[in-house]
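Read through the structure below, which is laid out as structure tokens, and then see the notes.
Coordinate-derived values only; no laboratory data. As the structure is a computational prediction, the values presented were derived from the model and not from experiment. Neighbour counts run over all protein chains shown; Cβ positions are idealised from the backbone, glycine included.
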Amino acid sequence: MTWEKAVNQAITLRHWFHQHPELTWQEEHTAKKIRDCLDDWGIEWRACAIHGTVATLAPELPGRHVALRADMDALPINEQTGVAFCSTESGKMHACGHDGHMAALLGTAMWLKNHESKLPGPVSLIFQPAEEGGHGAKKMIEDGALDGIDVIFGWHNWPAIPYGKAVCPDGAVMSGNGSFHIQVKGLGGHASQPEACRDPVLAAAAITLNLQQIVSRKLPPQASAVVSVTRLNADSDVTVIPQIVHMAGGIRISDPKWRAQINELIVQIAEDTAKTYGVEAKVEILPRYEATINDANAAEIYRAVLKSELGEDYSNTELMVPIMASEDFSYYLQKIPGAFALIGMAENQAEGQRYHYPCHNPHYEFNDRLIETVMRSFSKLTGLNHA
């Protein structure tokens, strides 16, 4: 198989995945497609965490065991791209590029299998379900996905970075996250008699304002963190002060050390503010992912590969890291050394920009040029050149 044929086949696979998106923990047909490809190419694999797959090349070699990872799940979004291979599943879309991640890893698998005898050590290919909030990496690890592996590499396309640029820092590259839910309970009644009520809407508004001051007034300026109230549901008739208001929001932290303090402040501020308005606040905080923190040695190796593929100034980007988005690749990096890169894909064309819509947007498009770039990079990370 020629390099060009492997790249083209990977792009074709990307379009198939894009047409057939499946949501978190529902990746049944996606998994079958991946496993059928591996079978066709004579690559051994085993199921992991239900829809996940771990394939291994050159398992008997004594060298460093490298793992490469791709995520699989789509999002509950109605696609509005208008591409020829648009999603065929209503309300489901690969709006984060996981279709491209899978295709690039499958393309790498094709190429490595054809040159398996030249590999310096074992290579595992990890196809992981449920990255979008489903803690799929955690389940993969619990099912033995990292057994025997020495180092792991992953990546994410990033529309905020131009094509040809990338970032792979030592330390944190993406932030940790969490969510909170607050029930504000008062005493409802007629809107014409506020004095006879204990208004949870007014209290919820005050709680919102106070929570937004955690980062600016309770943490040092050096702490990269976000606390955002993103939902406030006070459903009632226009003449009714409701009994209960439901609030929710998100937390982002670049360093795990800030999580406990932020969580405590959310509870304290919500409860204390509620008391001043004569209502009650019940707070539930749900941790999600920790920060994605690169191992310095693995990141140095990754940067050398990116430099060889993208050029000397590949890291000349205005993107500040860690970005505040989160990734469950963090679970792997808590267990073994590894590194995660953000690789740019936005392009300026004569007719206007393309591939610049952010992830999770209904107009988001993955740039197929990234598939060859990542196949080359992944091949080099295993110790095998692409040609």
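Within the straight-line cut-off of under 20 Å between alpha carbons, the lysines reachable from LYS5 are LYS33, LYS113, LYS118, LYS380, sequence neighbours fewer than 8 places apart in one chain being disregarded. Fewest neighbouring Cβ atoms within 10 Å first, the residues LEU209, LEU232, LEU38, LEU106 line up as LEU209, LEU232, LEU38, LEU106.
Its Cα gyration tensor gives the chain an equivalent ellipsoid. The semi-axes, each the square root of 5 times an eigenvalue, are 43, 22, 20 Å from largest down. Extension gain for ILE50 to ASN348 (0.36 nm times residue separation, less C-alpha to C-alpha distance): 103.2 nm.
What Kirkwood Rh does segment 8-143 have if only Cα atoms enter the pairwise 1/r average? Answer in Å.
Over segment 8-143, the inverse of the mean reciprocal pair distance is 15.1 Å.
Between the Cα long axis of helix 3-19 and the first principal axis of the chain there is an angle of about 30°, rounded to the nearest 10.
Taking the Cα centre of segment 268-387 as origin, sum charge times position over the Cβ atoms of Lys and Arg (+1) and Asp and Glu (-1), and report the length of that vector in debye to the nearest 20.
On the way: 10 positive and 18 negative charges, 55 e Å.
Here segment 268-387 has a charge dipole of around 260 debye.
Per-residue ellipticity at 222 nm computed for the chain from its helices equals -10000 deg cm²/dmol, with DSSP H segments shorter than 4 residues left out and the rest contributing -39,500 (n - 2.57). With contacts taken as Cα pairs under 8 Å at a separation of at least 6 residues, the chain carries a relative contact order of 24 percent. When only alpha carbons are used to place a centre, segment 48-114 and segment 365-385 end up 13 Å from one another.
For segment 212-228, backbone phi angles converted through the Karplus equation (6.51, -1.76, 1.60; θ = phi - 60°) give residue-by-residue couplings of 5, 9, 4, 5, 7, 10, 10, 10, x, x, 6, 7, 7, 8, 9, 10, 10 Hz, Gly and Pro being listed as x.
In segment 250-289, taking the dipole from charged Cβ atoms about the Cα centre, the farthest positive-side position among ALA270, LEU286, SER254 is held by SER254.
For segment 176-287, taking Cα atoms only, Rg and Dmax work out to 14.9, 48 Å respectively. Taking a ≥ b ≥ c as the square roots of the eigenvalues of the alpha carbon gyration tensor, segment 279-387 is oblate, as a/c is not under 1.5 and a/b does not beat b/c. Taking the Cα centre of segment 40-153 as reference, the dipole from Cβ charges on Lys and Arg (+1) and Asp and Glu (-1) amounts to some 220 debye.
Put in line by how crowded their Cβ is, counting other Cβ atoms within 10 Å and starting with the fewest, LYS92, LYS307 read LYS307, LYS92.
Normalised by the number of residues in segment 156-239, what is the relative contact order in percent for Cα pairs under 8 Å and 6+ residues apart? Don't skip to the end; give the middle numbers.
Working: 35 pairs, mean separation 18.2, N = 84.
Relative contact order, segment 156-239: 22 percent.
Going by neighbour counts of Cβ atoms within 10 Å, the residues LEU310, LEU68, LEU146 line up, fewest first, as LEU310, LEU146, LEU68. About its Cα centre, the dipole of the chain is roughly 480 debye, where the only charges are +1 on Lys and Arg Cβ and -1 on Asp and Glu Cβ. Each residue of segment 146-157 is assigned a 3J(HN,Hα), and the resulting list reads 9, 4, x, 8, 9, 8, 10, 10, x, 7, 9, 5 Hz, derived from the Karplus form 6.51 cos²θ - 1.76 cosθ + 1.60 (θ = phi - 60°), x at Gly and Pro. Which parts of segment 119-154 would a label at GLU60 reach, counting a residue when its backbone N lies under 16 Å from a point 7 Å out along Cα-to-Cβ? 119-123, by backbone N distance to the label point. Which of ASN348, ILE152, ASN78 sits farthest toward the positive end of the charge dipole of the chain, with +1 on the Cβ of Lys and Arg and -1 on the Cβ of Asp and Glu? Final value for the positive-end residue is ILE152.
Straightening the chain between ASP313 and THR12 buys 105.3 nm, computed as 0.36 nm per residue apart minus the Cα-Cα spacing.
The length gained by stretching the chain between GLN19 and GLN334 to full extension, at 0.36 nm per residue less their Cα-Cα distance, is 110.0 nm.
Phi-derived couplings, Karplus 6.51 cos²θ - 1.76 cosθ + 1.60 at θ = phi - 60°, listed residue by residue for segment 321-329: 10, x, 6, 8, 6, 10, 8, 7, 4 Hz, with x used for Gly and Pro.
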